[in-house]
Each structure stands twice: as structure tokens, then as C-alpha cells.
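Notes to accompany the following structure.
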Amino acid sequence: MDSFILQTLNGISYAALLFLLASGFTLTFGLMRIVNMAHGAYYLIGGYVGLTVAKATGNFALALLAGGVTATLLGYLADKFLIKRAGENHLAQVLITVGLAYVVGDVALKIWGGDALKLPIPIVMRGVVELPGGIVYPVFRFFLMSVGVAVALLLWIMYRKTQIGAAIRAGVDDREMVGATGIHVDRLFLIVSGLASFLAGFSGVLGGAFLTVYPGAEWEILVFALVVVIIGGLGSLGGAMIGALIVGLLDAYGRWLLPEMSYFVLFGPMAILLLFRPRGLFGAENMT
Amino acid sequence: MNTTRLIATRLIAIVLLIIVVGLPMAAGTYWVGLVTQIFIFGLLALAVDLLLGHAGLFSLCHAAFFAVAAYTTSILQVRYGVSTQWAVPAGLLAGTSLGLLFGLSVRTRGVYFILVTMAMGYIIWGVGYRWSAFTGGDSGITNVPAPMVSGFQISTAEQFYYVVLAVLLVVLALYQKLVRSPFGLVLRGIKSGEPRMRSLGFNPARHLYVAFVISAFMASLAGVLYVYHNRFINPVAASLHVNMEAVLMAIVGGSGTLLGPFIGAALVLGLRNWVSSFFEFHLAVMGLVFIAVVIWAPGGVIGLLRRYSSGKEK
């Protein structure tokens, strides 16, 4: 029972991290129809920059900010000079963004080397929490979960209750009509894309402290985030929340109960789900 | 104009054939090995391109078929002492059976298809990597013996080169027949307008499924040849990078053509071998090639040639 609770907590921690990455991916796709495989690279670069800042200043909040801002800048440049050239062609988008991710990955390898590096956790979060029943669990992971929940709440409020959110939702449903009503679609794209890359870089910093950061981490986490998006349905924020929880928990239980087959435990249900619901749990009809 | 072009195409084909048949007599083992590798990866790229260039499906799980076939053949040979003439069909069967299963992904389209196949590819990579008791984990299967068919051992690089070449010529002939058949026409019809094909009474899902399985078989064939060429297999063969590289080869050479994937394989592998002799970060170079091709030459080498020659005709 104790290990069940422990694994559940692990699963939720990972889900929080995945949600941060997947929410950006799903919103950029929903609004702009862009498949951005460089999302993992934003995560990676955020993690590495956060690591350097955290080591230099000892300030974790500053590291989170630096990681997020660097990724936003990278995302902005990528959008402006590369991704725009692919138009609506998904194949071209994938090739360009995978190419970009390769370049970023190798540059990071050159700067930070090939070892797995752990971002220093701030001193106040280094302890453990003792739960009723005698289970001890690291404070930092509770912090991670709270960040995940807080970001989810903020995104949800923005998405459901604000003018910008309404415009985004409308844009996901029908982009041309939104443009026709006089809403500045380009500016909307800029906001969503900036938000997505910021969250990716931000999650890289958290991920660096939670899982360490190393060459290839960008692809591992990207695949998990993509599974979240597939299960939840492209373009759906609520889907990303549910999907992240499903993937995080399945991964934790899979690693615990069937370590050699944990990938099956994760991807098997996804495959079966897709046979019955090819667009995921909450995917809209017009998303392809 | 058309007849001159036909004659030119035939001439080029004959010259190419003479070059590839004569290569081992003129070139050293290094070049024979490199060209064998180009043939094998070109075959993988051609498999990917059957879906990409003709049916418009961008699959990211073909490295899985490649790897499963290679693993099956090598595990049977190395660990159970099964002979080549049984290990090879078993490998092809394993890879193609996986294709029968993963082919269910043709229920999805567009981005979902890309993402779903990518995730499925990761299952195989993950199994290869984590189920180390069976697959050897990170270090994989080593010491794969040279193939031996009815008492005759194919041991030298030159002999193996001719085996690969023979397989390749048969595959190319059949492939050409396939894409020119009504079936190939239906695939291209689905690519350019699926609703229209449906309203004409075709069942796109069934055609795509068959194409998917055929292409999984081709990828398995490449995998079996690869493991006998390389004498070693590890989870890297199932990775996304191998799959992306095959896609890159098809695009660089010219998607939707017969020889494009091979031209692409030659360029990509040649570039990689050359770059890695003086620059350790070859992935970044590959990345730049991806970006450059999409932006400046989306039709690949063959696309550029066609543009050039049709420009001259005017």
C-alpha cells in the first residue's frame, strides 16, 4: 500500500511536468496548426540555462525565469525565421523543427557536455514531508505538483474567462472567422507561441531539478508529452490535463510493476484508445 | 522531346547498372561497404516513401519494423543457432506482423498519424532498451555470423554486396510495378483527395492498410540485410533518429520517385561519413540539412533536376 501511494505521488509529479510541456504543444497546434517537434529542445535549453543560472546565483526563481525567457526567445526566432516557411504542411513543419532540435541538442552538448546534470534544488525545498501513515516524500516534488496545478488553473482561467482566451478558443475552432471579426490573429499567435515556449523552458528547469538534464532528454520527454496530447486530443487544454495524469500514473505504475515492459503499459492503452477514438478523448473534429 | 527523354532515362539506367555491377571490381572494400550501406538504407527510405510519397502518410515507426526484423534474425542465429534460411524468413515475418498490428494506425490521419506512429516506434525502442534479458539492452546482439545459405557462406564484403544488389533489383522491379498499378494510382488518389476517392467507392482505409503492411515488409527486409551487413544490432536501430534519417533520405533524393531514396541515401550517408571525419557534431549538420532541404529544395535532387530540365525545354 505504501509503495502504491508513493508511486501515485511519483506519477502525479511527472504528470505536472508533462502538463507544462504538453499544454503549450496542444495550444500551438490547436490555434496555428503547427507541429513543433522542437518543443523538447526548448525544454532542454531551458533546463541547461536554468542550471547555469542556478549554479551562478543560487536563486531558483531566477533560474526558472531565465530558462523560460531563453526558450521564449528561441521559440520566437524559430517561428519567425524557420517554422513560418513550412506553411501548413505538417511534413515540412516536422522536418524543420526536428532539424532545429538536432542543432539545439548538439550546441547544448558542446556547451554543457554529455553527462546528466542535476539542477540544484533550493535549500528550503530539500527536505521531506512526512505524510500520515509514515510515508516520507520530498518537498520539491510537492512544489512541482503545486506549480503544475497553479499553471493549469491560470491557463484555465485565461482560456475560459478572459478576452484573449475567448479569442484563442474561437481561433482553435475557426481561424478565418476570428480574423474576419477584426481580431489581430498574428498577435494572438505571438502570445500563444510565446506562452508555449516559455512553459517549455520553465518546465525544463523544473525537470532538470526533478529528473536531471542530459543529451537526449528532450526526445524522451517530448514523446511522453506527445502521448499526453494524443490521449487528451489535439487542441484541448482539458485533454492535456487529463492526459498528463493518465500518462504520469501509467508510467509510474508501469515502471514499478513491469519495469521491462513499462513502455507497453504506457503506449498500449493509448493505441487501444485511438482505435475507438482516433482523435483522443477531447479532440475536435477539425483537427488533423 | 518525350522519346529523347525516354532514351536518356534508359541510357542512364544502363550506365547505372554497369556501375553498380562493376563497382566491387574497381573499388576497395571501404567503398563496397559504403555502397552496401547506401543500398540498405535506401531500401528503408523507399519503404518509408511508399507511404510518404505515394499515400501521403508520414510514418515515424518504420525503424521499428527494421529493428524487429533485425533483432529476430540475429537472436535466432546467435542465441538459438537457427540457420540463415530460417532466420531470415522469421525476421521478415516478425517485422511484417508488427506492421499488421501497427498498421491499425491508418485509422488516424495527418498529425495524429505522425504522433501515433512516433509513439509506437518508441514502444519498440523501449522494449529493445529495457528488456535487456532478451534483447541485450544497450549493448544489443553482437557477433552475428555471416549468412550461410545451403552450405555456401557469404563471407566477403563483395559477395554480400551482390546479394544486396540482387535483392534490391528484384524489389525495385516489383515496387515500380506496384506504384504503376491501379493500386498505386488509388494511393496517389487518396493522397491528393481522400473524400473524392471515397465518393468514387474506394475504401481508403483498406488501401492504406495494405500499403502500410507492404512498406513494413520492405523495412523488415532492409533490417535483415542490415544486421548481416553490420553484424551487430542495438536499440539505436529502432530510434526516432534512424526513422527521421530515412525520411530525410527520401526527401533529399526526391519523394515519390524510384531512385530518389537511393540518391538521398548516398548523399546523406556520404555527407555523414565525410563530416564525422573532422567534426564530431554530425547531428547538427543533419539538422541543418533538414532545414535547408525543406526551405530550398522540397522536391529533392530529382525535383531540382526536373525543374532544371523542364526549364531548358522551354
So the helices (runs of 4 or more DSSP H) completely within the range B:137-232 holding 3 or more residues that are under 23 Å from B:A63 (Cβ atoms) and touching a Phe, Trp or Tyr at 6+ places or on another chain (Cβ under 8 Å) are B:157-180, B:204-230
Tally up the residues in the range A:10-67 that are within 14 Å of chain B (Cβ to nearest Cβ) and at positive phi, please.
1
Tally of residues being facing chain B (nearest Cβ under 7 Å) and either surrounded by 24 or more Cβ atoms within 10 Å (Cβ to Cβ) or of a type in the set (V, I, T) (or both) across the range A:82-95
2
Is the range A:96-112 home to any residue that is surrounded by fewer than 19 Cβ atoms within 10 Å (Cβ to Cβ), more than 25 Å from A:L226 (Cβ to Cβ) and either within 20 Å of the chain's Cα centre (by Cα) or more than 11 Å from chain B (Cβ to nearest Cβ) (or both)?
yes
I'm checking my understanding of the structure. Among residues of the range B:250-261 that are crowded, with 24+ Cβ neighbours inside 10 Å and more than 12 Å from chain A (Cβ to nearest Cβ), which one is nearest to B:T142 (Cα to Cα)?
B:P261
Over the range A:248-267, the set of residues facing chain B (nearest Cβ under 8 Å) and free of Cβ contacts under 8 Å to residues at least 24 places away in the same chain is A:P259, A:E260, A:M261, A:S262, A:Y263, A:F264
Give just the number: which of (1) farther than 27 Å from B:A55 by Cβ; (2) within 13 Å of chain A (Cβ to nearest Cβ); (3) free of Cβ contacts under 8 Å to residues at least 24 places away in the same chain does B:A119 not satisfy?
(1)
Residues satisfying the stated conditions in the range A:212-247, i.e. within 11 Å of chain B (Cβ to nearest Cβ) and farther than 24 Å from B:H241 by Cβ
A:I231, A:G233, A:L234, A:G235
Of the conditions (1) surrounded by fewer than 21 Cβ atoms within 10 Å (Cβ to Cβ); (2) under 15 Å from B:V111 (Cβ atoms), A:V227 clears all except one; give me its number.
(1)
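Output yes when any residue across the range B:274-290 is β-branched (V, I, T), on the phi < 0 side of the Ramachandran plot and more than 13 Å from chain A (Cβ to nearest Cβ), and no when none is. Full working, then the answer.
We begin by selecting, within the range B:274-290, every residue β-branched (V, I, T); these are B:275, B:285, B:289.
With on the phi < 0 side of the Ramachandran plot added as a condition, the list becomes B:275, B:285, B:289.
Right, trim to more than 13 Å from chain A (Cβ to nearest Cβ) and you get none.
Looking through the range B:274-290, none of the residues is β-branched (V, I, T), on the phi < 0 side of the Ramachandran plot and more than 13 Å from chain A (Cβ to nearest Cβ).
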Quick one: which helices (runs of 4 or more DSSP H) sit completely within the range A:146-257 and have at least 2 residues that are under 13 Å from the mean Cα position of the chain (by Cα)?
A:185-211, A:217-232, A:237-257
Please verify whether A:R126 is surrounded by 11 or more Cβ atoms within 10 Å (Cβ to Cβ), among the charged types (D, E, K, R) and closer than 20 Å to A:T8 by Cα, treating the condition exactly as stated.
no
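Every read-out reported here was derived from the displayed coordinates using simple, explicitly stated rules and does not represent laboratory data. In this text the structure is predicted, and so the values were computed from the model without any measurement. Every residue, glycine among them, receives a Cβ derived from its backbone with ideal geometry; neighbour counts consider all protein chains shown.
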